[in-house]
Amino acid sequence: MRNKYFKQSFFLLCLLFSAYHFSQTRKSNFLIMIDDQPCILTYNMQVNTPSMGSIEAKYIVGTIDLSEENYSKFINDESLDFQISFETILPKFSTAKKYLVSIPKIFLNQEYIIINIFNKDSKLYKKRFGGVNKKNRKEYYIVMSTRNAMKFD
């Protein structure tokens with residue numbers, strides 16, 4: 001009798017723990033590439049929409065994690081686009097570089113999102129993207145791709 005009670009309690013405890021643990025974050029397949037290299041470390045990653053403000057996010061190579069509460073706020077927000085801002089340290093530069101990427105919300109319905117960022121400080125990318133969008137004074141050029149769509153910024 002005691003053994004049966006122990007097994008039931010243990011099973012229930014494991015079930016509750018796994019439900020609590022796995023329901024706390026929402027993951028999206030999201031890869032950030034900077035100058036054709038995967039971005040390994042990001043700092044101060046924020047997801048922003050005009051009506052909602054900013055939400056803290058966590059980036060691990062290949063995924064972006066939002067808490068369940070923040071994810072539901074984010075999905076229910078009526079904005080068509082969202083912005084991701086983050087900082088990273090690149091091997092070529094001694095200081096942290098800050099990036100701001102605007103992404104259409106419709107991209108979240110895709111299996112994955114790949115953000116390619118090309119720094120115009122590099123001779124190769126300055127030559128390649130130097131004449132693109134002269135109004136935009138950013139120090140980088142962004143190409144976003146999913147399985148079915150692309151966006152150039």
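The values are calculated or read from the model by the stated rules, or taken from the named source; none is laboratory data. Note that the coordinates shown come from a computational prediction; the quantities given were computed from them, not determined experimentally. Virtual Cβ from ideal backbone geometry, glycine too; neighbours counted across all protein chains shown. For accessibility, only protein heavy atoms count, side chains too; no ligands or nucleic acids. Shrake-Rupley method; radii C 1.70, N 1.55, O 1.52, S 1.80 Å.
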Any residue that is modelled with pLDDT under 85, open to solvent by 60 Å² or more (accessible area, probe 1.4 Å) and in a helix (DSSP H, G or I) - is there at least one of those in the range 22-32? yes
Count of residues meeting criterion [in contact with a Leu (Cβ under 8 Å, 6 or more places away or on another chain), open to solvent by less than 70 Å² (accessible area, probe 1.4 Å) and either closer than 20 Å to I40 by Cα or not in a strand (DSSP E or B) (or both)] in the range 84-108: 5
Which residues, taken from the range 47-83, are among the hydroxyl-bearing types (S, T, Y), open to solvent by 70 Å² or more (accessible area, probe 1.4 Å) and within 15 Å of L108 (Cβ to Cβ)? none
Take the residues in the range 125-138 that are exposed (fewer than 12 other Cβ atoms within 10 Å of the Cβ) and within 17 Å of I34 (Cα to Cα), then tell me which one is modelled with the lowest pLDDT. G130
